[in-house]
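The values are calculated or read from the model by the stated rules, or taken from the named source; none is laboratory data. All values reported here derive from a predicted model rather than from experimental measurement. Here the Cβ positions follow ideal geometry from the backbone for every residue, glycine too, while neighbour counts run over all protein chains shown. Side chains are part of the model used for accessible areas, which takes the heavy atoms of the whole protein and leaves out ligands, DNA and RNA. Shrake-Rupley method; radii C 1.70, N 1.55, O 1.52, S 1.80 Å.
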Amino acid sequence: RHCAASHLKYVVDAAARGEQVDVFAHSWNREAAPWFDEAYGVVLRGSRHEPPQYTSQALKARSQALSIGRAALLMREFAALRNVTYTLALAIRTDAVLSSPVDLHRMPAETV
């Protein structure tokens, strides 16, 4: 919950200067789904929580890449359903705590 709070504070709230921020989340923890989804609240547009597919240390990078891809698919499905075009996607690990605002305006979509 602390991680989600930092994401909301330093990404969602920091971007609230006239920008719409939608959150799409994927995790490898089904048990965490209820509190996870509650923590992101109204900005959560889609989430998927699955049992881990890769548990060995050697495959952690594959697991993370697959998780990012699953969140991106949620975003694409939502965009198609709502006829929305996203200009920037920011991937943050769900277990990462942010300690300062992320300035999305300094991340032009054409260069990120």
The condition of being within 18 Å of Ala96 (Cβ to Cβ), of a type in the set (Ser, Thr, Tyr), modelled with pLDDT under 90 and out of contact with any Pro (no Cβ under 6 Å at 6 or more places or on another chain) holds, among Ser56, Ser6, Ser47, Ser67, only for Ser6
Output yes when any residue across segment 29-37 is surrounded by 13 or more Cβ atoms within 10 Å (Cβ to Cβ), modelled with pLDDT under 90 and closer than 22 Å to Val102 by Cβ, and no when none is. yes
Go through segment 38-64 and count every residue that is open to solvent by 60 Å² or more (accessible area, probe 1.4 Å), of a type outside the set (S, T, N, Q) and within 16 Å of the chain's Cα centre (by Cα). 4
Which listed residue, of Ala89, Ala65, is over 17 Å from Arg30 (Cα atoms) and assigned to a loop (DSSP other than H, G, I, E, B): Ala89
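Conditions (1) in a helix (DSSP H, G or I); (2) free of Cβ contacts under 8 Å to residues at least 60 places away in the same chain; (3) out of contact with any helix residue (DSSP H, G or I) (no Cβ under 6 Å at 6 or more places or on another chain), marked per residue:
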residue: Cys3; (1), (2), (3): yes, no, yes
residue: His7; (1), (2), (3): yes, no, yes
residue: Ala32; (1), (2), (3): yes, yes, yes
residue: Glu38; (1), (2), (3): yes, yes, yes
residue: Arg45; (1), (2), (3): no, yes, no
residue: Thr55; (1), (2), (3): no, yes, yes
residue: Ala61; (1), (2), (3): yes, yes, yes
residue: Met75; (1), (2), (3): yes, yes, yes
